[in-house]
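Q: Please read through the structure below; I'll follow up with questions.
The values are calculated or read from the model by the stated rules, or taken from the named source; none is laboratory data. In this text the structure is predicted, and so the values were computed from the model without any measurement. So basically every Cβ, Gly included, is an ideal-geometry build from the backbone, and we count neighbours across all protein chains shown.
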Amino acid sequence: MEANDNDFSDSPRSQQLDGEDRLSMLTDDILLSILGRVSSLIATRTSVLSTRWRHLPWLLPELSINVEDFLSAPRADPIEENDMEQAMASLTKATRSLLNKQQRESTISSLHLNLYSINTFLCEVGPLIGDAIDSGLLKDLDLSVLDETDALARTEEDMLQRAQEIDSFFSAYPSVLHCLTKLFLKNVGFDKLDMHHVLFDCCKQLQHLSLFHCDTGSYSLFKIDAPDSKLCVLEIEKCRFVRIDLVCLPKLEKFLCETWVSEYAPVTFGFVPSLGDLELSCGSNCDQREFKLSEPLYGVTSIHTLTLDFQGENLWLQPEMEELHTAFSKLRKLSVWEHVCDVGEGRLASYLTRSTPWWERHLDNSSENKLLKELEFAGFKSLEHQFTFIRSMMERCPNLQKIVLMGDEQCSSCDALMSSRPSKFPNRKEEQEMVVKRIRDGMFSPEIFFYE
């Protein structure tokens with residue numbers, strides 16, 4: 001009998017139960033910390049497996065409800081409308097349960113909600129969120145209105161319809177606007193609505209705004225003048241604005257602009273005293289003209305992190321150190337990016353044969369940057385103009401401590417390209433030593449790192 005008891009105590013089943021008992025002995029705050037690292041769907045599914053865990057999802061201070069978690073697996077490509085409807089039905093049910101005031105034992109500091117605006121589901125989710133806000137149950141809302149349709153497949157009418165649906169949602173549940181801290185919109189055309197009023201006058205708590213393929217009318221000017229706005233991060237990607245004029249955004253810390261349609265500089269800055277992180281990314285098209293980096297940065301004085309990805313096109317080939325001296329006076333980190341995938345199939349052949357102009361150095365002795373500590377260079381290929389640029393930066397940045405040289409990120413397009421064009425990234429030790437020697441020759445020696 002004793003032998004049987006000992007055998008059972010050493011069995012896998014016994015060890016599993018022992019592990020579950022030890023987990024159950026943990027306090028609620030530790031268990032909540034564990035559940036807080038996964039989506040609300042996984043947290044809920046996990047909790048039903050144990051009586052000890054069952055109440056925990058209604059104690060989580062932050063909730064993350066993503067409609068993509070409710071899509072059936074394997075996920076179709078493209079995702080069919082019926083699948084999206086079923087996922088939204090499940091999301092609505094989960095939201096209703098997790099926001100249930102009878103079960104909820106504490107307030108929700110933040111709700112991250114990703115959903116589709118199809119059929120009447122916005123009208124079903126809206127009152128759930130509105131009631132939670134009005135009752136004081138929900139403090140902050142992070143809302144993403146997703147769209148699985150490719151941007152190029154959306155017509156003007158589609159974009160206008162999406163804008164009308166979203167505007168109706170906000171109008172019906174105004175409390176949503178009052179606690180909205182982060183918003184992502186895709187394929188929305190606001191040309192018949194007052195986009196500025198909705199986003200900056202009504203969303204008084206908005207701190208992070210991301211717009212993907214949105215506009216206020218094709219090739220229109222988008223002017224933001226919001227002195228009372230709390231917006232810290234603004235991301236504009238593939239939007240059809242002829243230009244964005246940031247007249248006044250006093251709290252803006254980061255601005256990203258990727259793939260614009262304007263033939264000139266895509267943005268102008270007015271009063272943006274907190275702007276420190278700037279990313280500009282776009283390949284040229286036949287209608288775009290060259291512009292100087294000093295043009296959009298006129299009057300900007302606080303940039304500390306700059307990321308440029310122009311795919312070797314139309315910018316910066318002749319540095320304007322004197323003109324950029326004020327804008328870059330606080331620059332600490334510079335990333336220069338060139339990824340072969342970015343050029344697109346239509347320009348792939350020309351990329352293979354394109355010769356990049358020499359980095360001309362008309363730098364006066366006064367154009368120093370004593371704050372720049374790190375330089376990242378993606379797409380490094382041991383090309384002469386790259387060495388010239390790096391040494392130019394070293395000459396003008398006496399406190400530079402770290403140089404990171406990176407190859408191209410790999411993907412199917414890159415693999416196809418590399419098969420016809422061997423990589424020039426220095427992989428072998430002797431190649432890297434040669435690169436280090438060329439960079440450091442006769443100059444101070446920051447640390448140099450290589451990442452393929």
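Q: With respect to Glu165, is the statement that it is surrounded by fewer than 20 Cβ atoms within 10 Å (Cβ to Cβ), within 17 Å of Leu115 (Cβ to Cβ) and without any contact (Cβ under 8 Å) to a residue 60 or more places away in the chain true?
A: yes
Q: So, in the stretch 51-62, how many residues would count as being part of a loop (DSSP other than H, G, I, E, B) and either surrounded by 18 or more Cβ atoms within 10 Å (Cβ to Cβ) or touching a helix residue (DSSP H, G or I) at 6+ places or on another chain (Cβ under 6 Å) (or both)?
A: 4
Q: Separate question: Would you confirm whether or not the stretch 298-307 contains a residue that is among the β-branched types (Val, Ile, Thr), buried (at least 17 other Cβ atoms within 10 Å of the Cβ), modelled with pLDDT of 75 or more and in a loop (DSSP other than H, G, I, E, B)?
A: Yes.
Q: For the condition among the β-branched types (Val, Ile, Thr) and surrounded by fewer than 19 Cβ atoms within 10 Å (Cβ to Cβ), what is the one hit in Ile65, Ile79? Give the steps one after another, and end with the answer.
A: On the way: Ile65 fails: surrounded by fewer than 19 Cβ atoms within 10 Å (Cβ to Cβ).
Exactly one residue qualifies, and that residue is Ile79.
Q: Mind checking which residues of the stretch 258-267 are surrounded by 18 or more Cβ atoms within 10 Å (Cβ to Cβ) and outside any loop (DSSP other than H, G, I, E, B)?
A: Val267
Q: What's the total number of residues in the stretch 219-238 that are outside any strand (DSSP E or B) and either at positive phi or out of contact with any Asp or Glu (no Cβ under 6 Å at 6 or more places or on another chain) (or both)?
A: In the first step, residues of the stretch 219-238 are kept if they are outside any strand (DSSP E or B); the result is 219, 226-232, 238.
Filter once more, keeping what is either at positive phi or out of contact with any Asp or Glu (no Cβ under 6 Å at 6 or more places or on another chain) (or both): 219, 226-231, 238.
So the count comes out to 8.
Q: Which of the helices (runs of 4 or more DSSP H) contained wholly in the stretch 312-412 include at least 3 residues that are more than 26 Å from Gly276 (Cβ to Cβ), more than 23 Å from the chain's Cα centre (by Cα) and modelled with pLDDT under 50?
A: 348-353
Q: Right, here's the next one. How many of the residues making up the stretch 24-72 are within 27 Å of Leu183 (Cα to Cα) and either in contact with an Asp or Glu (Cβ under 9 Å, 6 or more places away or on another chain) or touching a residue at least 12 places away in the same chain (Cβ under 8 Å) (or both)? Break it down stepwise before answering.
A: Keep residues of the stretch 24-72 that are within 27 Å of Leu183 (Cα to Cα), which gives 32-44, 57-72.
The next check asks that each one be either in contact with an Asp or Glu (Cβ under 9 Å, 6 or more places away or on another chain) or touching a residue at least 12 places away in the same chain (Cβ under 8 Å) (or both); those that pass are 32, 35-36, 39-44, 57-72.
Result for the stretch 24-72: 25.
Q: Of all residues in the stretch 136-192, how many are in contact with a Phe, Trp or Tyr (Cβ under 7 Å, 6 or more places away or on another chain) and part of a helix (DSSP H, G or I)?
A: Qualifying residue count for the region: 3.
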